[in-house]
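Derivation of every value follows stated rules applied to the coordinates shown; laboratory data play no part. These numbers come from a predicted model, not from an experiment. Backbone-built Cβ (ideal geometry, glycine too); neighbour counts: all protein chains shown.
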2 protein chains.
Amino acid sequence: MVTIEQWAFGEWTFEGPTSGNPYIDVSFSAVFRQANREMFVRGFYDGDGEYGLRFMPDTCGEWHFATTSNAPELDGQTGVLECIPAQPGNHGPVSVWGQTRFAYADGTPYFQIGTTCYAWAHQGVVLEQQTIRTLAESPFNKLRMCVFPKHYRFNHNEPPLYAYEKKADGSFDLERFNPAFFQHYEDLLAALRTLNIEADLILFHPYDRWGFADMEAEQDDLYLRYIIARFAAFRNVWWSLANEYDLMRAKTELDWDRFFRIVQAEDPYHHLRSIHNCRAFYDHSKPWVTHASIQHSDLARVGEWRMQYGKPVVDDECQYEGNIENQWGNITARELTHRFWEGTLRGGYVGHGETYRHPEDILWWSKGGVLRGESPARICFLRDVLADVVQQLVPMERAEVMLERQRYASARIGDEYFIIYFGNSQVGGVTLQLPPGNNYRLELIDTWEMTVTPLGDVREEQYIELPTKPNLALRFTAVG
Amino acid sequence: MVTIEQWAFGEWTFEGPTSGNPYIDVSFSAVFRQANREMFVRGFYDGDGEYGLRFMPDTCGEWHFATTSNAPELDGQTGVLECIPAQPGNHGPVSVWGQTRFAYADGTPYFQIGTTCYAWAHQGVVLEQQTIRTLAESPFNKLRMCVFPKHYRFNHNEPPLYAYEKKADGSFDLERFNPAFFQHYEDLLAALRTLNIEADLILFHPYDRWGFADMEAEQDDLYLRYIIARFAAFRNVWWSLANEYDLMRAKTELDWDRFFRIVQAEDPYHHLRSIHNCRAFYDHSKPWVTHASIQHSDLARVGEWRMQYGKPVVDDECQYEGNIENQWGNITARELTHRFWEGTLRGGYVGHGETYRHPEDILWWSKGGVLRGESPARICFLRDVLADVVQQLVPMERAEVMLERQRYASARIGDEYFIIYFGNSQVGGVTLQLPPGNNYRLELIDTWEMTVTPLGDVREEQYIELPTKPNLALRFTAVG
């Protein structure tokens, strides 16, 4: 019997029809059963007469399957597998936890620290391998990446592979996929999975010169079903319906709603679903949206969105550390670090990006490669400081342990723990007003210098002098 | 014959009634005539049976006056004066020039560089003299200052003098002014006039424990007429109806409109008139408002307000360099300097303020004293760089001499002069696209380091590498 690790996947291959257009003409699916539980899983045509079927078991024990197809040779196939416990480091897929937080399926908190390399999967193996090595050394546990190639400033190269076959006239046949493209893409998904990096797959985007941004509705839907049939078995996949959906002129709000419903219906594992804006937000309160994926430079608004949507808030694009001419791509490392602290303490999650000029136009934000900025080290520090508490942190609208309560990004865990981040303000001192009865160990965190300095124990109302410099935080831990 | 310098003022004193309440009971005014021109000027009771009359001539030559009063001894008094040309350094009052700019009456451009010391006139002579010495060494040519004392954090001391007499029960008689208060205040106005500093007089404000913020309507109006009768002859006076008018719960929009109409009608010299908000803006498009006086931290919006009101825009309060707990009072010197450049190149004017903690609560923003921050030197530098061009600068919505046109604060004078300020962005290089035919001398301005570095001559389309650091500007001057 086949043995499969929990949240890994098994794959079965069957021979089937090659005539006509197998992507359109052949239906092929399976139901996987464990005791009285059934999961419907769609198979996919992988070229050369081969039909694939993938299944990611989420519970241990024996699973049986039986296939259904309009092709006799694919119909009524059966099999069995034994799901064994996950290996250490495999925590399963990420989903929403406690309304505005994330956790892995095994309950381990997931502290989203994202970055973006839109077109890294279209750069050829040498650069792609370099990107993977860079990611392995980075703080990032999520990567935003497009399925389709990107046409934009600094992005004019053709990808080595396309998702579609070409017709005789050189145009793309948008009803015939190119399995080689997907097999390559899956290698990258698998590499990210090994690194415990979630792949936030951007299914559509506006930066296109090949026609993938304005396919017919039936072609869009065919593409979605095919993608899901192939990729959903990767536990580290998230579905991002679009990057800057509001710039895609060929699509309407109803199209996006339909795409969400297709993804929701087709994905047996219910991976996270979101959609990312340029200016106008999609209505993230719609039921098929699992979390708000936002482009916005003002992280002070995270608390508002968190209240508005009652879902996790990820500011996936708050501008990039870099030095290009475009204003979205030249904030300082200090400012990006600041936005991470601000958004995190307001109860959200933040995305990194980097756009330093490169003689060959290899900017991390799109092509990957190496990281050259100063923010990733600070983002590591942020993660280290907050990893143990982030799941429990409750943001405060005002800094409740200051006598002069101000709207600094701040959060608490009951009366046990408080943290106030002063942002770009330089606060020379604060009068504390702590819950009576407790002593607190007070520490000064310099988010830029990456230092934690003990300031002794404090209690109730007292004045504390601070260095007059920006990007400091105060951490209070009850010591009884 | 009395000789008076143009835009200085002459003063005449007359003996009159002391019985009853002269502030209410006695009407006293004069008409000043030059050829066929007449100006109506109100006199004022100055206590001890003395009635004052002040007149600031704005044209040279002979002027005659005759008084009118319901008190026989004040009625029908006449006089004559000879107005002689202004001395060097006396440019007359400031008014609006060319829709969105300011100029002195003699045509000299006025580049507003303001600061704020709300309650400095209520601190006693020692501190007041120190404030004047500090101002003399500063870049500032406008000072926001309250007539009434201030009650607020760091401001709990009683003023040495009040604008009103006290009644037997210790409460203020809001229909009897205290001339000693006004005489002292006028000494300060005169000292500022000597320094060529405009006094932006804040007539009302909400931070009050004495009852001056919620007087009866008749008392408000009496106060306005008295203030104008005394102060309007100072050429350096501006009328700011309120600081944070929207926080004054006892006043309605109709009250503010009425106050504006009174000031407009009573002031024979038509000094500048504005009103300052906390959150909600007054409608600065109303006809009696000469310029928008704004509290806002986002200077990128100056261009929008300039278009909206078609009047000069002064962001009088964009937060303060300092280190207090309140978020409005702890921005860095770098950030305040940044806001000056941003607002100025977007076609507006910006106000400085400083709130560094002080052991005796002497914060510049309210009490004056000395300046301890690092922004004033940078504001001097900004003034020096822009003084010769600011009157002609036309803000651009996008940086029109960059191939990648971005929304950096930038301005031009025809094709002769361009300036782009990159703000907090770090731009490693730009591709220039200059008007064809001209050569331009290019200079890099480091607004924080206060340096101007020649980058040689440039023309048409070419790429220029820049240091990857924030707060830089590029200046292009046509050299034929």
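Observations
- Couplings 3J(HN,Hα) for region A:93-101, derived from phi with the Karplus relation 6.51 cos²θ - 1.76 cosθ + 1.60 (θ = phi - 60°), are x, 8, 9, 5, 9, x, 6, 10, 10 Hz, where x marks Gly and Pro.
- Its DSSP H runs of at least 4 residues, each contributing -39,500 (n - 2.57), put the calculated 222 nm mean residue ellipticity of chain B at -6000 deg cm²/dmol, to the nearest 500.
- Amide H contacts under 5 Å for B:MET402, placed H, 5+ residues apart: B:GLN433
- Relative contact order of chain A, defined on C-alpha pairs under 8 angstrom at six or more residues apart (%): 11
- Couplings for region A:300-308, taken from phi via the Karplus curve 6.51 cos²θ - 1.76 cosθ + 1.60 with θ = phi - 60°, read 5, 8, 4, x, 4, 5, 4, 5, 5 Hz in order; Gly and Pro are left as x.
- Number of partner chain Cβ atoms within 10 Å, mean per residue of B:423-433: 5
- Amide proton proximity set for B:ALA409, modelled H, under 5 Å, gap of 5+: B:TYR421
- Sorted from greatest to least, the principal axis extents spanned by the alpha carbons of region A:2-84 come out as 40, 22, 16 Å.
- Straight-distance crosslink candidates among aspartates and glutamates, where the alpha carbon sits under 13 Å from B:LYS367 and sequence neighbours closer than 8 are dropped: B:GLU128, B:GLU158, B:GLU354
- In region B:153-286, the alpha-carbon atoms span a convex hull of 130 Å³ per residue.
- Counting Cβ atoms of other protein chains within 10 Å of each residue's Cβ and taking the mean over peptide A:332-338 gives 2.
- Each residue of region B:1-46 gets 102 Å³ once the volume of the Cα convex hull is shared out per residue.
- Proxy reagent accessibility, fewest Cβ within 10 Å first, across A:VAL289, A:VAL394: A:VAL394, A:VAL289
- Region B:445-480: GluC sites (Glu not before Pro) falling in loop per DSSP and having at most 16 other Cβ within 10 Å: B:GLU449, B:GLU460
- Classified by the C-alpha gyration tensor, region A:68-126 has an oblate form. Its axis ratio a/c, with a ≥ b ≥ c, is 1.5 or above, and a/b does not exceed b/c.
- Between 0 and 90°, nearest 10: helix A:253-266 axis offset from chain A longest Cα axis: 70
- Qualifying lysines (Cα of each under 23 Å from Cα of A:LYS167; at least 8 residues distant if same chain): A:LYS150
- Computed log₁₀ I(q)/I(0) - Debye formula, equal Cα scatterers, no solvent, the protein assembly as shown, q 0.05, 0.09, 0.10 Å⁻¹: -0.41, -1.02, -1.16
- Listed from fewest to most Cβ neighbours within 10 Å, the set A:VAL31, A:VAL147, A:VAL430, B:VAL350 follows the order A:VAL31, A:VAL147, A:VAL430, B:VAL350.
- Angle in degrees between helix B:217-231 and the longest Cα principal axis of chain B, rounded to the nearest 10: 80
- Distances between copies of B:GLY480, taken at a point 7 Å out from Cα along the Cα→Cβ vector and listed shortest first: 8.6 nm.
- Expressed in units of 2.2 N^0.38 Å, where N is the residue count, the Cα radius of gyration of region B:280-436 is 1.13.
- Most simply put, the protein assembly as shown has about 70% antiparallel DSSP beta bridges, counting only bridges with both residues inside it.
- Bins of 20 Å, starting at 0 and running to the largest distance - Cα pair percent for chain B: 23, 52, 22, 3, 0
- Proxy reagent accessibility, fewest Cβ within 10 Å first, across B:PHE28, A:PHE40: A:PHE40, B:PHE28
- Whole-Hz ³J(HN,Hα) from phi, Karplus 6.51 cos²θ - 1.76 cosθ + 1.60, for region A:7-12, glycine and proline x: 6, 8, 9, x, 9, 10
- Sparsely packed loop sites in region A:322-376 (the GluC sites (Glu not before Pro) outside DSSP H, G, I, E and B with at most 11 other Cβ atoms within 10 Å) comprise A:GLU360.
- For region B:1-148, the square roots a ≥ b ≥ c of the C-alpha gyration tensor eigenvalues yield an a/c of 1.5 or more together with a/b not exceeding b/c, which makes the shape oblate.
- Rounded is the label for region A:394-478. Its Cα gyration tensor axes, ordered a ≥ b ≥ c, give a/c under 1.5.
- Amide H contacts under 5 Å for A:HIS276: A:LEU241, A:ALA242, A:GLU244, A:TYR245, restricted to partners 5 or more places along the chain or on a different chain, H placed in the peptide plane at 1.01 Å from N.
- Distances in nm from B:ARG398 to the matching label points in the other copies, shortest first (labels 7 Å along Cα to Cβ): 4.3
- The C-alpha atoms of chain A define a longest principal axis, and helix A:333-345 lies at about 90 degrees to it.
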